[in-house]
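Single-structure report; data block below.
The values are calculated or read from the model by the stated rules, or taken from the named source; none is laboratory data. Computed from a predicted structure; not experimentally measured. No Cβ is skipped: glycine too gets one built from the backbone with ideal geometry, and neighbour counts run over all protein chains shown. The area values use the complete protein model at the heavy-atom level, side chains included, leaving out ligands, DNA and RNA. Shrake-Rupley method; radii C 1.70, N 1.55, O 1.52, S 1.80 Å.
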Amino acid sequence: EPQTLTVAKEGNGSGTITSSPTGINCVNGSGTCSSVFAENSIVELTATPEGNSDFGGWSGACGGDNPTAGEISRICTVTMETAKLVQARFNLPQELAVAVRAATGSTGTVVSVPAGINCSTPYGAGCSQVYDPSTSVTLSAVPGPGSVFVGWAQDCASSGATPTCAVVIPPANDSVAVTAYFAPAFSLTVARAGTGSGTVTSAPAGIDCGANCAESYPKDTLVTLTATPEPGSSFTGWSGGACTGIEICRVLIDSAKLVTATFTLDTYTLTVTKAGAGAATGTVSSSPAGIACGSDCTEGYAPGTLVTLTATAGSGYIFTGWSGAGCSGTDPCAVTMD
């Protein structure tokens, strides 16, 4: 069944959009701006700016959701499995034109200093402004709720995912075109548990827990978490986010995720052995508590702990002395757990 392709001219400049196979010949929004093509046929559209106008980019069926560095091609291909609408933008000299591309489920706005740009649609009100030549304009990308800024394209391509971009209006009869991309976001939260201490960091950056234990990432981002124990502690495992064990944790951000990292305080073992004819009747206790020997003659203590042992002889016996761990004589024995 034949499908209709409609082309619209956007922007303050002038230009022509033509098609191959022939059918579209849209001059400044007039002429033949729609045509019928065979179902599933591939139509190539070419945008040609006129006079001193520049081509500012495609939207609609020729738009995309992901940033592409560099200039946007004047040629676009459309597969006609259904009816399609394509917009082509032409800009005037010294005009800054901004396009906002937000993937399904996300929103975002681009604003400017000096004022003039306040754009939240692919091409619409507040998305273009003519400035004096050589003006420096700073653009800021502001994601909406549940969204993140992904990156810039065209004349801001070098700025990557940094949410601000500075462009300079050219002194010649040229224009500036910028595209900002937004995507749905989900939160990744890291919790730390256990008796020990440590930090968790992420790649891509965002989590540094310690200080920042939650971050939002674009949907389907693969985030790698690395746990680093503090001296005197050990990392003993992950839970949540499909992570287990003690190796690096990789989390696919397809929904909100919570991952717990457990750190355990390292301990050294203090063991007391009783000897001599009265061993069965004597006891040894400790401060801090833990040893009560008698019944409990072994305890783990954190590194650097000073443990004082006190021996008490049973009825009819005397305590005759210590040996081991640097202890001697009959006074209480102080042991540093190093």
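Can you name the number of the only condition in (1) closer than 16 Å to Ala161 by Cβ; (2) not in a strand (DSSP E or B) that Pro145 fails?
Answer for Pro145: the failing condition is (1).
So Thr262 clears everything in (1) within 27 Å of Ser233 (Cβ to Cβ); (2) part of a loop (DSSP other than H, G, I, E, B) except one condition, right? Which one?
For Thr262, the failing item is (2).
Let me confirm something: among Thr244, Thr224, which residue is within 20 Å of the chain's Cα centre (by Cα) and either on the phi < 0 side of the Ramachandran plot or not in a strand (DSSP E or B) (or both)?
Values: Thr244 fails: within 20 Å of the chain's Cα centre (by Cα).
The match here is Thr224.
Out of the range 100-124, which residues are under 13 Å from Ser140 (Cβ atoms), open to solvent by less than 30 Å² (accessible area, probe 1.4 Å) and outside any loop (DSSP other than H, G, I, E, B)?
Scanning the range 100-124 gives Val100, Gly108, Val110, Ser112, Cys119.
Since Cys127 meets every condition but one in (1) within 29 Å of the chain's Cα centre (by Cα); (2) open to solvent by less than 40 Å² (accessible area, probe 1.4 Å); (3) touching a residue at least 60 places away in the same chain (Cβ under 8 Å), which condition does it not meet?
(3)
Please verify whether Thr138 is modelled with pLDDT under 90, surrounded by fewer than 15 Cβ atoms within 10 Å (Cβ to Cβ) and of a type outside the set (Asp, Glu), treating the condition exactly as stated.
Working: modelled with pLDDT under 90: no; surrounded by fewer than 15 Cβ atoms within 10 Å (Cβ to Cβ): yes; of a type outside the set (Asp, Glu): yes.
No, not satisfied.
Take the residues in the range 262-308 that are open to solvent by 70 Å² or more (accessible area, probe 1.4 Å) and in contact with a Phe, Trp or Tyr (Cβ under 7 Å, 6 or more places away or on another chain), then tell me which one is farthest from Thr330 (Cα to Cα).
Of everything passing the filter in the range 262-308, Thr267 is farthest from Thr330 (Cα to Cα).
Across the range 309-338, which residue is farthest from Phe263 (Cα to Cα) among those that are touching a Leu at 6+ places or on another chain (Cβ under 7 Å) and surrounded by 14 or more Cβ atoms within 10 Å (Cβ to Cβ)?
Of all residues in the range 309-338, those touching a Leu at 6+ places or on another chain (Cβ under 7 Å) come to 332-337.
Remaining after also requiring surrounded by 14 or more Cβ atoms within 10 Å (Cβ to Cβ): 332-333, 335, 337.
On the way: Pro332: 34, Cys333: 31, Val335: 26, Met337: 20 Å.
If we take residues in the range 309-338 being touching a Leu at 6+ places or on another chain (Cβ under 7 Å) and surrounded by 14 or more Cβ atoms within 10 Å (Cβ to Cβ), then Pro332 is farthest from Phe263 (Cα to Cα).
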